[in-house]
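Inspection log for the structure reproduced underneath, given as C-alpha cells.
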C-alpha cells in the first residue's frame with residue numbers, strides 16, 4: 001500500500017532589512033528573562049551579535065554569549081558549547097531560550113546545545129543511526145530563534161543539525177522535528193560582509209536544496225507509514241515544490257550578481273529570500289544524493305583551504321554538495337525527466353536540450369561562473385579515494401532514501417569518478 005499523506009511544518013518567519021533589531025521584542029513575548037546567544041568568532045567580529053545582545057538587554061533580558069561555534073561543527077566543538085551552556089546554568093539561574101546568530105554552523109551548534117541542555121544523555125545518543133543511537137528527545141526544548149548571517153544553509157527552517165564525528169572521520173547529523181527553530185529572523189543586511197567564496201558555496205547549497213527537494217522521490221511513491229513512523233523528510237510534495245520553484249527563480253536573477261558585487265543589496269535580499277524559500281521546501285521534502293555525497297567529501301578533507309574561510313583544512317558544506325551535483329542529476333534524470341528539465345529552464349530560460357545533460361550543464365555553468373572548484377580533484381581527491389567516499393555516502397541512508405532512484409554502491413562510485421573534473 002502506497003503513502004497518501006504528506007506533512008509540512010515551518011518556523012515562524014520574520015524577513016526584511018532591520019528585522020534582527022526586533023529579536024528583543026520577540027523574546028520578551030515568550031516570557032524570556034535569560035538567553036544563550038550562540039555565534040562564531042568571525043561573526044562576533046562583525047559587531048552584529050553585540051548589537052543584538054544590547055537590543056535584547058533593552059527588553060530586560062540577560063544575554064550569555066558563546067562565540068566559539070566552529071565553522072563546520074564537530075562532536076568536540078558541540079560538546080564544548082554544551083559544557084559552556086551547562087556551566088551558565090550551574091549558578092542556579094536557568095536559560096529560557098537560545099538565539100543563534102551566524103551561518104548554518106552556529107545555528108546547528110545552537111540546536112545541539114538546546115537539545116542537550118533540556119534532555120538527558122550524550123551527543124552520540126541522538127546522532128542519526130548507524131553512527132549514533134538516533135534517540136528521540138523526550139522533553140520539550142527551549143525556544144530557539146535563528147538569525148542567519150549567510151545565505152545558504154536554510155538551517156533556520158530545518159530540523160537538522162550537521163556535524164563531523166572526528167574519531168570516525170564521518171559527517172553525520174541529528175534529525176528531529178523538535179530541533180526546528182521556533183522563529184527564523186532573516187535580515188538580508190547581515191549578509192553584506194559575506195566574502196565572495198562564502199557567498200558562492202552557500203549559494204550552491206541553496207541551489208542544491210531546491211533542486212534535490214524538487215527532484216526527490218514523490219511522497220506517494222513511498223510505502224504507507226503509521227503516524228509514529230513519519231519523518232521530517234517525506235519526499236517531494238505540492239507545497240515543497242512551490243518553495244523550490246520560487247527559490248530557483250530568485251537564484252537565476254541574483255546568484256551571479258551577489259558573488260561578483262557583494263554590496264548589491266537587491267541581490268543580497270533575493271539570495272536571502274531564496275535561501276529561506278529553499279529551506280522551507282527541503283526541510284520537508286528532503287535532499288538526496290549530492291548531500292549524501294557531501295558528507296564524506298567534507299569529512300575526509302586533507303589540506304584544501306578555500307579563500308574567505310578560517311585558515312584550516314575545510315571543504316565548506318555548500319561546496320561539498322555542489323561538487324557531485326552535475327553527475328548526480330545525470331544519474332537521477334530518467335526517474336523524473338520532466339522535473340529535471342523544468343528546473344533547468346527555471347534556472348536558465350535560454351537553456352537548450354531535452355536530455356540528462358541539460359540540468360547538469362546549467363549547474364556546471366553556475367559553478368564555473370561563481371568560482372566553485374572544478375571538481376573533486378581540485379579539493380584534493382583522486383580516483384584512489386572513490387571507495388572511501390562511497391563508504392561514507394552509503395552511511396547517509398536517511399538522505400539516500402529520498403533519492404528518486406536508489407543508487408547502488410557502483411552508481412555512487414560512477415558519480416564520484418565523473419565528478420573529478422567538470423570542465
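Only the coordinates and a few stated rules stand behind these numbers; no lab work does. Remember, it's a predicted structure, so these values are computed and weren't measured experimentally. Because the Cβ atoms are built from the backbone with ideal geometry, glycine has one as well, and the counts that use them run over all protein chains shown.
So what's the angle, to the nearest 10 degrees on a 0 to 90 scale, between helix 289-299 and the longest Cα principal axis of the chain?
Helix 289-299 and the main axis of the chain meet at about 60 degrees.
FRET efficiency for residue 242 and residue 311, Cβ-Cβ distance as r, R0 = 35 Å, nearest 0.05?
Result of the calculation: an efficiency of 0.30.
What shape does region 192-316 have by the C-alpha gyration tensor, where a ≥ b ≥ c are the square roots of the eigenvalues, rounded means a/c under 1.5, and otherwise prolate means a/b greater than b/c and oblate the rest?
oblate
Given an 8 Å cut-off on Cα distances and at least 6 residues of separation, report the relative contact order of region 1-135 as a percent.
Details: 170 pairs, mean separation 32.8, N = 135.
Relative contact order of region 1-135: 24 percent.
What is the calculated FRET efficiency for residue 124 to residue 28, with r their C-beta to C-beta distance and R₀ = 41 Å, to the nearest 0.05?
0.70
If you average over every viewing direction, what projected area does the convex hull of the Cα atoms of region 196-418 give, in nm²?
11.9 nm²
Mind pulling up the Rg/Rh value for region 161-229? Radius of gyration and Kirkwood radius, both on Cα. Write down the numbers at each step before the final one.
Numbers: Rg = 16.9 Å, Rh = 16.1 Å.
In region 161-229, Rg relative to Rh is 1.05.
In region 77-111, which residues have a backbone nitrogen under 20 Å from the label point lying 7 Å from residue 58's Cα in the Cα-to-Cβ direction?
Answer for region 77-111: 99-101.
Ranked from highest to lowest mean number of other Cβ atoms within 10 Å per residue, what is the order of the peptides 347-359, 256-268?
256-268, 347-359
What full-extension length gain, to one decimal in nm, is calculated for residue 354 and residue 229 as 0.36 nm per residue of separation minus the Cα-Cα distance? Display every interim value, and only then the final one.
Details: separation 125, 0.36 × 125 = 45.00 nm, distance 3.81 nm.
Result for the pair: 41.2 nm of gain on full extension.
Tell me, how many Å apart are the Cα centres for region 404-423 and for region 136-175?
Comparing the Cα centres of region 404-423 and region 136-175, I get a distance of 27 Å.
With each label point set 7 Å from Cα along the Cα-Cβ vector, what nm distance links residue 368 and residue 167?
Here the answer is 4.6 nm between the modelled labels.
Can you tell me which of 202, 178, 220 moves the most in a GNM of the chain? Springs connect C-alpha atoms under 10 Å apart.
220
In whole Å and largest first, what semi-axes does the C-alpha gyration tensor of the chain yield when each eigenvalue is scaled by 5 and square-rooted?
Semi-axis lengths for the chain are 32, 23, 21 Å.
Taking the Cα-to-Cβ direction at residue 15 and at residue 76 and moving 7 Å from each Cα, how far apart do the two end points lie in nm?
3.9 nm
Convert 20 °C to kelvin, take the viscosity as 1.002 mPa s, use the Kirkwood radius over C-alpha pairs of region 336-410 as Rh, and evaluate the Stokes-Einstein diffusion coefficient in µm²/s, rounded to a whole number.
My calculation gives 146 µm²/s for D.
Hey, what did region 196-418 get for relative contact order, percent, Cα under 8 Å, at least 6 apart?
27 percent
For the modelled label position 7 Å from the Cα of residue 220 along Cα-to-Cβ, which residues of region 1-24 have backbone nitrogen atoms closer than 16 Å?
1-7
Determine the shape class of region 18-186: with a ≥ b ≥ c the square roots of the Cα gyration tensor eigenvalues, call it rounded for a/c under 1.5, and otherwise prolate if a/b is greater than b/c, oblate otherwise.
Working: a/c = 1.71, a/b = 1.44, b/c = 1.19.
The shape class here is prolate.
Please sort 182-188, 366-372 by packing, taking for each peptide the average over its residues of neighbouring beta carbons within 10 angstrom, highest first.
For the peptides 182-188, 366-372, the packing ranking is 182-188, 366-372.
Please give the peptides 404-413, 104-113, 330-339 ranked by average Cβ packing (other Cβ atoms within 10 Å per residue), highest first, as a rough proxy for protection.
The densest-packed peptide leads the list: 104-113, 330-339, 404-413.
At what distance in nm do the modelled label points of residue 5 and residue 257 sit from each other, each positioned 7 Å from its Cα along Cα→Cβ?
Inter-label distance under the simple model: 4.4 nm.
To the nearest 500 deg cm²/dmol, what mean residue ellipticity at 222 nm is calculated for the chain from DSSP H runs of n ≥ 4 alone, each contributing -39,500 (n - 2.57), summed and divided by the residues?
Theoretical 222 nm ellipticity from helices: -14000 deg cm²/dmol.
Starting from 0 in steps of 5 Å, tell me what percent of the Cα-Cα pairs of region 299-371 lands in each bin.
With 5 Å bins starting at 0, P(r) equals 3, 16, 22, 19, 14, 10, 9, 6, 1.
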